[in-house]
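Just below is one structure, and these are the notes that go with it.
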Amino acid sequence: MQKLWPTRDIKILNNDQPNNPLHGLTLEAILTSLYEHYGWEGLAQRISINCFKNDPSVRSSLKFLRKTPWARSQVEDLYIATNKTTSPWDAAADRFQASQTSKNSEEEL
């Protein structure tokens, strides 16, 4: 899978709406990020639209998504679900559970 450009180059235009996860992101940046994460086949499996199935490209997909609000909404929802940030408390809970599991394994030996 060819990367169009590194994900870290996604531009955030401004910070007026900090609670909106899509604010400041262009549709092109969202689509490119999803393409880099899932590829065209993965996108077609998750969102059943022809621009992801038949001869897909960023340009043709952008053209379709800009004209089709329901499809754009599905792409934006997938982006939010894919890039959901987790709470630091979740990471701490995961580490705690892992340490408890390793302690239980050591005790069994």
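Each value in this text was obtained by applying a stated rule to the coordinates, not by laboratory testing. The structure displayed is predicted, hence computed values, not measured ones. Heads up, the Cβs are rebuilt from the backbone with ideal geometry, glycines too, and the neighbour counts pull from every protein chain shown.
The table below gives the values:
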read-out: Where labels lie 7 Å past Cα in the beta-carbon direction, separation of residue 27 and residue 77 in nm; value: 1.7
read-out: Full-stretch length increase - residue 89, residue 63 - with 0.36 nm per residue and alpha-carbon distance subtracted; value: 5.3 nm
read-out: Separation of the residue 19 and residue 48 label points, Cα + 7 Å toward Cβ, nm; value: 3.5
